[in-house]
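Working notes, beginning with the structure itself.
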Amino acid sequence: MNVLVTGSKGQLGTEMRRLSGLHPKHRYVFADIEELDLTDRKAVQRFVDESQADVIVNCAAYTNVDGAEENEVAARKVNADAVENLARTGRRIIHISTDYIFSGEGWLPYREDDTPAPRTAYGRTKLEGEERLRRICPDAIVFRTAWLYSPWGKNFVKTMLRFGEERDELRVVYDQIGSPTYAGDLAQAVYSALDADEWKAGTYHFTDEGVCSWYDFTVEILRQANEILGENRYNARVLPILSTEYAYKTPRPHYSVLDKLKVKQIFDIQIPHWSESLNECLRKLVTTE
Ligand SMILES: NC(=O)c1ccc[n+]([C@@H]2O[C@H](COP(=O)([O-])OP(=O)(O)OC[C@H]3O[C@@H](n4cnc5c(N)ncnc54)[C@H](OP(=O)(O)O)[C@@H]3O)[C@@H](O)[C@H]2O)c1
């Protein structure tokens, strides 16, 4: 199969590229905005035809939650219009979405068929992307994920490592609960869908196993980083606070946990606990600094 991976310089796109060598039965083309601006409908069709893609894995998105709140039009262009451009190429699509399509007010892990109720511009535009994709390509595969991190780009783990070294004290919320997800694990789930004997259309929830608060996550990031280094470089004291004590520009979901039963059953995969995958990522981050 010829596979086109869009948004290939983002966190997930980079992991897709890194792992592609382990999946040699496909031929890959990787493109980010410099090669292909997905908001340009004609350019998308031309690029997809020229690359002879059979399947498109769309890792591109407007992921800045506060930026989307300030400029929903710009977010919609990438998170919904561009997704429609890809859908209209007539190719099979694997698309990535987010827990932000839910209200975040639940207390049981969200299932794929739970009712969406986005509370942010980012969530609204991502939901619109999913809906427009399904209308045009009923056989699309959508993976919804949450709390994504990797050694690449900007993410919570990298920010906490920096603050953990520079600051004496970190105040981190303990009333937002979710499942940290290593982008490499999500990329492996995408490859399970690409490598499957048959195309398994549908929506799937994927995060790493286990749940924690951002506070617990931070404590573990600094603890493991010091353990890997064998010295106390990340010395900040981590203090738990409530979301109301933090000046968020955009409301954050209190509960982001996704139910992964379907993805595990349909693709017959095992998912690592978030603390194991965190260790894998930190080994790459702290030993190369
Ligand atoms: N990050 C999270 O915590 C999180 C949580 C839940 C779901 N997700 C979803 O998971 C997926 C992957 O996220 P990620 O963290 O890997 O995203 P990311 O690191 O922000 O990467 C997205 C990539 O898309 C590119 N892009 C933006 N606009 C584009 C355009 N018009 N044409 C082509 N490429 C464009 C970006 O380029 P620039 O950098 O130049 O803009 C970037 O390289 C996304 O669908 C996201 O919504 C992420």
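Rule-based calculations on the coordinates, nothing more; no lab input. Source: prediction; values computed, not measured. Using ideal geometry, Cβ is built from the backbone for each residue, glycine included, and neighbour counts are taken over all protein chains shown.
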Give the Kirkwood hydrodynamic radius (Å, one decimal) of the chain, defined as one over the mean of 1/r across all pairs of different Cα atoms. 19.5 Å
Would you mind checking which residues have amide H under 5 Å from SER97's amide H? H placed 1.01 Å from N; only 5 or more apart, or other chain. PHE143, ARG144, THR145
Per-pair calculated FRET efficiency, R0 = 45 Å: ARG167 and ASP113 via Cβ, rounded to 0.05: 0.60
What are the residues whose amide H is under 5 Å from the amide H of ARG92, where those residues sit 5 or more places off or on another chain and H is modelled from the backbone? ILE56
Checking rank on 243-249, 192-198, with mean other Cβ inside 10 Å and highest first, the result is 192-198, 243-249
Counting alpha carbon pairs within less than 8 Å and at least 6 residues apart, what relative contact order, in whole percent, applies to the stretch 137-289? 36 percent
Go ahead and set up a Gaussian network model of the chain, Cα springs under 10 Å, then flag whichever of GLY67, GLY230, GLY106 fluctuates most. GLY230
Give me a comma-separated list of calculated 3J(HN,Hα) values for the stretch 142-156, in order, Karplus coefficients 6.51, -1.76, 1.60 applied at θ = phi - 60°, integers in Hz, x for any Gly or Pro. 10, 9, 9, 10, 7, 6, 6, 8, 5, x, 10, x, 9, 7, 4
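Would you work out the Kirkwood radius for the stretch 82-121? I mean one over the mean of 1/r across all pairs of different Cα atoms, in Å. Present the calculation step by step, with values, prior to reporting the outcome.
Numbers: mean 1/r = 0.0819 Å⁻¹.
12.2 Å is the Kirkwood radius here.
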Rounded to the nearest 5, what is the percent of antiparallel bridges among the DSSP beta bridges in the chain? 5 percent
When a/c reaches 1.5 or more, the comparison of a/b and b/c decides; with that in mind, is the stretch 1-83 rounded, prolate or oblate per its Cα gyration tensor? oblate
Across 10 Å bins beginning at 0, the whole-percent shares of Cα-Cα pair distances in the stretch 152-214 come to 16, 36, 28, 14, 5, 0
Set LYS77/LYS264; LYS260/LYS284; LYS42/LYS262; LYS9/LYS77; LYS126/LYS154; LYS9/LYS126 screened for pairs whose C-alpha atoms are more than 30 Å apart: LYS77/LYS264; LYS42/LYS262
Starting from the 7 Å offset along Cα-to-Cβ, what nm value, one decimal, do you get for the label separation of GLU105 and LYS262? 2.3 nm
Radius, Kirkwood style, for the stretch 148-289 when every pair of distinct Cα atoms is counted (Å): 16.3 Å
Relative contact order (%) - the chain, alpha-carbon pairs under 8 angstrom, separation at least six: 20 percent
Spelling it out for THR203: with amide H atoms placed in the peptide plane at 1.01 Å from N, the residues 5 or more places away or on another chain with amide H under 5 Å from its amide H are VAL142
